[in-house]
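Novice: Here it is, the structure, as structure tokens.
The values are calculated or read from the model by the stated rules, or taken from the named source; none is laboratory data. None of the values given here were measured: they were computed from a predicted structure. Reconstructed Cβ throughout: ideal geometry from the backbone, glycine too, with neighbour counts over all protein chains shown.
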Amino acid sequence: MITVLFVILILTSSFIIEINMQQIKNTKEELRNVNNLISQFGDNIETKIDEMPNIKINDMGIRLTLIDNDGNVLYDNEEKSTENHKDRSEIKEAMENGEGYATRYSDTIKVKLMYYATRLDNNLIIRSAVPIKTITVLQKENIKSYLLILFIVVLFSIFLSLRLVRRIIEPVKELESVTFKMANGDYKIRANVKTNDELGSLGSSFNNMAEQLQIKIYEVIEKQNKIESILNSMDSGVVAVDNNNNVISINPCAELILGIKKNIIGQCLSDYITDYDISSFIAEEDENDKEIKILHPIERDLKIKKSEMINGRENIGKVITFQDITDMKRVELMRSQFVANVSHELKTPLTSIKGFAETLRFVNDNETREKFLDIIDKEAERLTRLINDILILSNIESNLVADVEEFLPGDVIDDVLNIMKKTAASKDIMLEFEDSNSELILGDRDKFYQLGLNIIENAIKYSKDNKGKVKILSYSSSDGYYHLNVTDNGIGIPKEDVPRIFERFYRVDKSRKKGGTGLGLAIVKHIVKTFNGDICVESELREGTTFKVKIPYIYS
């Protein structure tokens, strides 16, 4: 609007100046014409001037002055001056060139006049003049027209300006609104392009930028989700920190290992680590991997590694991984203990066999020889049982493919009881079997036989001699499981030993008076696992023990 009004002002001023110049030119030409008219009067010019009709220019009378060659005023139709006019600029110019023009203030009539002088043939000079104020550009009768035209021009300019402003502002506001919504997360919104001008091109470019931005954001989100899914599903803990040890990323496994229960993104990792060895390892620059045992929140063996994060050539932090090797350590310990136990278990009978065999060379007494041979036979039988149990356990742990069939577990338990009746009778132990199961289970029949044999043999072995009782329950439940419970009223198992009875070579009877290899229950546990089942123990010292086996059956 300022620009439009400034242009109108400049144009109006230029118009006024142009009209003013034209008006001066026209007035000057009219004065000249009046002088030319008077120059034709000839003699008695003064009398003829008085007889002239009243001539006006711009509604103002013309002042006429007759001056001689010496500058003396001979005639003036308004007020005759006594001053010599020879030095007046218009008079001097008329004497020299025939015509002269000037604009100046008249001391005689006290008005600023426009003068035009013409030299006559008789060397007299006729000078005509009109007041400058008569040369008006804005005449009264035209002021209303001027104002009306100016009002229409301004109104039309305002209308065009508003149209132009709206045409520019509306697309800009549209882009502003779209940009604001995109900044708040709405990446699907686009600008409405209505024109093909520069703003339309800007809108199209913005939409293209938004499209590319949305694609890139989706790609980043997808990559981020993949990385988070990978990190969340890892069994190892992963923590990424910047150069100030502030956490950039941490997965749930790392939070579990370190005992962190809240979001610590952006906070210093050292503030949430209570273990001195881990803190020292993270602070140490030269050490990149280490095995550490922690006690908080639970006792674990960890293998920790760290590596630098490089962005181009800049080191932006490091990644620390925590691998829980507790189970590996336990397996290594169990393996070493297994080898030690096997060596010990094999060494005992072998030592007995070797010792008694060497002694037989020097024994001449038949009774003693027979006694030693019986001992050698028992130790050899014990050694054979031990080796067989080791082979059975190895076979089960190797997950070798066995014959899988559907069978009624009660029939297998009957076969076991038929084998164990003689042993139970020799110890005056009563066997009681209740079978209410009619569901089939799927698996290796021979392994299930081994399972029942080991549990029932164990129950008989540790039951009270004379009037002992072993009760076997076989039934199915509505939750889809077959149950086998074997209960004895024997010596029971101390509470501190219950969690370990399924370990290899572990014996509650430290004196080994009851015999056995210490592998029977370990074999039972592995067999139950092959049936996708579970086994547990309930026992009271000197009251008895119950083994409970639960195996999923086949739905009929």
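Novice: Enumerate the pairs (first residue in region 284-298 and in a loop (DSSP other than H, G, I, E, B); second residue anywhere and acidic (Asp, Glu) and surrounded by 13 or more Cβ atoms within 10 Å (Cβ to Cβ)) with beta-carbon separation below 9 Å, excluding pairs fewer than 6 apart on the same chain, so at least 6 apart or on different chains.
Specialist: Sorted first by the residue in region 284-298, then by its partner, the pairs are 295/275; 296/275.
Novice: Okay, moving on. Take the residues of region 34-45 that are surrounded by fewer than 13 Cβ atoms within 10 Å (Cβ to Cβ) and of a type in the set (S, T, N, Q): which is farthest from the chain's Cα centre (by Cα)?
Specialist: Our first condition is that a residue be surrounded by fewer than 13 Cβ atoms within 10 Å (Cβ to Cβ); within region 34-45, this holds for 36, 40, 42-44.
The next check asks that each one be of a type in the set (S, T, N, Q); those that pass are 36, 40, 44.
Details: 36: 97, 40: 104, 44: 111 Å.
My answer is 44.
Novice: Output the residues belonging to region 526-537 that are at pLDDT 90 or above and surrounded by fewer than 14 Cβ atoms within 10 Å (Cβ to Cβ).
Specialist: Passing the criteria: only 536.
Novice: Go through 458, 466, 489 for me and flag whichever is over 60 Å from the mean Cα position of the chain (by Cα), at positive phi and not charged (D, E, K, R).
Specialist: Working: 458 fails: at positive phi; 489 fails: at positive phi.
Residue meeting the stated conditions: 466.
Novice: Now for a different question. Taking residue 365 as meeting all but one of (1) at pLDDT 75 or above; (2) surrounded by 11 or more Cβ atoms within 10 Å (Cβ to Cβ), write down the number of the exception.
Specialist: (2)
Novice: Somewhere in region 355-362, is a residue among the aromatic types (Phe, Trp, Tyr), touching a Phe, Trp or Tyr at 6+ places or on another chain (Cβ under 6 Å), over 30 Å from residue 256 (Cβ atoms) and at pLDDT below 80?
Specialist: If we filter region 355-362 for residues that are among the aromatic types (Phe, Trp, Tyr), which is where we start, we get 356, 362.
Remaining after also requiring touching a Phe, Trp or Tyr at 6+ places or on another chain (Cβ under 6 Å): 356.
Narrowing further to those that are over 30 Å from residue 256 (Cβ atoms): 356.
Narrowing the set further to residues that are at pLDDT below 80 leaves 356.
Looking through region 355-362, at least one residue is among the aromatic types (Phe, Trp, Tyr), touching a Phe, Trp or Tyr at 6+ places or on another chain (Cβ under 6 Å), over 30 Å from residue 256 (Cβ atoms) and at pLDDT below 80.
Novice: Can I ask one more? Taking residue 547 and the conditions (1) at negative phi; (2) surrounded by fewer than 21 Cβ atoms within 10 Å (Cβ to Cβ), which numbered condition does it fall short on, given that it satisfies the others?
Specialist: Of everything listed in (1) at negative phi; (2) surrounded by fewer than 21 Cβ atoms within 10 Å (Cβ to Cβ), residue 547 misses just condition (2).
Novice: Separate question: Quick check on region 277-296. Is at least one of its residues under 25 Å from the mean Cα position of the chain (by Cα), at pLDDT 85 or above and of a type in the set (Phe, Trp, Tyr)? Before you say what the answer is, go through the steps one by one.
Specialist: First pass over region 277-296, keeping only residues under 25 Å from the mean Cα position of the chain (by Cα): none.
There is no residue in region 277-296 that is under 25 Å from the mean Cα position of the chain (by Cα), at pLDDT 85 or above and of a type in the set (Phe, Trp, Tyr).
Novice: Next question, about the same structure. Check 378, 422 and return the single one that is in the same structural domain as residue 469 (by TED's automatic domain parsing), out of contact with any strand residue (DSSP E or B) (no Cβ under 6 Å at 6 or more places or on another chain) and either modelled with pLDDT under 80 or over 30 Å from residue 477 (Cβ atoms) (or both).
Specialist: Numbers: 378 fails: in the same structural domain as residue 469 (by TED's automatic domain parsing).
422 is the lone residue from the list that is in the same structural domain as residue 469 (by TED's automatic domain parsing), out of contact with any strand residue (DSSP E or B) (no Cβ under 6 Å at 6 or more places or on another chain) and either modelled with pLDDT under 80 or over 30 Å from residue 477 (Cβ atoms) (or both).
Novice: Give me the residue from region 404-453 that is outside any helix (DSSP H, G or I) and touching an Asp or Glu at 6+ places or on another chain (Cβ under 7 Å) and, out of that set, farthest from residue 547 (Cα to Cα). I'd like the intermediate steps shown before the answer.
Specialist: Filtering region 404-453 for residues outside any helix (DSSP H, G or I) gives 404-408, 427-444.
The next check asks that each one be touching an Asp or Glu at 6+ places or on another chain (Cβ under 7 Å); those that pass are 404, 427-428, 440, 442, 444.
Values: 404: 24, 427: 21, 428: 21, 440: 21, 442: 21, 444: 20 Å.
Looking at residues that are outside any helix (DSSP H, G or I) and touching an Asp or Glu at 6+ places or on another chain (Cβ under 7 Å), I get 404.
Novice: Tell me, yes or no, whether region 20-31 has at least one residue that is within 60 Å of the chain's Cα centre (by Cα), exposed (fewer than 15 other Cβ atoms within 10 Å of the Cβ), touching a residue at least 12 places away in the same chain (Cβ under 8 Å) and closer than 30 Å to residue 156 by Cα.
Specialist: Residues of region 20-31 within 60 Å of the chain's Cα centre (by Cα): none.
No: region 20-31 contains no residue that is within 60 Å of the chain's Cα centre (by Cα), exposed (fewer than 15 other Cβ atoms within 10 Å of the Cβ), touching a residue at least 12 places away in the same chain (Cβ under 8 Å) and closer than 30 Å to residue 156 by Cα.
Novice: Next up: Kindly indicate whether any position in region 131-144 is surrounded by fewer than 16 Cβ atoms within 10 Å (Cβ to Cβ), in contact with a strand residue (DSSP E or B) (Cβ under 7 Å, 6 or more places away or on another chain) and not in a strand (DSSP E or B). Can you show your working first?
Specialist: First, pick out the residues of region 131-144 that are surrounded by fewer than 16 Cβ atoms within 10 Å (Cβ to Cβ): 133, 136-144.
In the following step, the residues that additionally are in contact with a strand residue (DSSP E or B) (Cβ under 7 Å, 6 or more places away or on another chain) were identified as none.
No, region 131-144 contains no residue that is surrounded by fewer than 16 Cβ atoms within 10 Å (Cβ to Cβ), in contact with a strand residue (DSSP E or B) (Cβ under 7 Å, 6 or more places away or on another chain) and not in a strand (DSSP E or B).
Novice: Any residue in region 96-111 that is touching a strand residue (DSSP E or B) at 6+ places or on another chain (Cβ under 6 Å), of a type in the set (A, V, I, L, M, F, W, C) and farther than 16 Å from residue 37 by Cβ? Explain how you work it out, then say what you get.
Specialist: If we filter region 96-111 for residues that are touching a strand residue (DSSP E or B) at 6+ places or on another chain (Cβ under 6 Å), which is where we start, we get 98-103, 105-106, 111.
Imposing the further condition that a residue be of a type in the set (A, V, I, L, M, F, W, C) reduces the set to 102, 111.
Within this subset, residues satisfying the condition of being farther than 16 Å from residue 37 by Cβ are 102, 111.
Checked region 96-111: at least one residue is touching a strand residue (DSSP E or B) at 6+ places or on another chain (Cβ under 6 Å), of a type in the set (A, V, I, L, M, F, W, C) and farther than 16 Å from residue 37 by Cβ.
Novice: Please verify whether residue 193 is β-branched (Val, Ile, Thr), assigned to a helix (DSSP H, G or I) and not assigned by TED's automatic domain parsing to the domain that holds residue 270, treating the condition exactly as stated. It would help to see each step written out before you state the result.
Specialist: On the way: β-branched (Val, Ile, Thr): yes; assigned to a helix (DSSP H, G or I): no; not assigned by TED's automatic domain parsing to the domain that holds residue 270: yes.
Answer is no for this residue.
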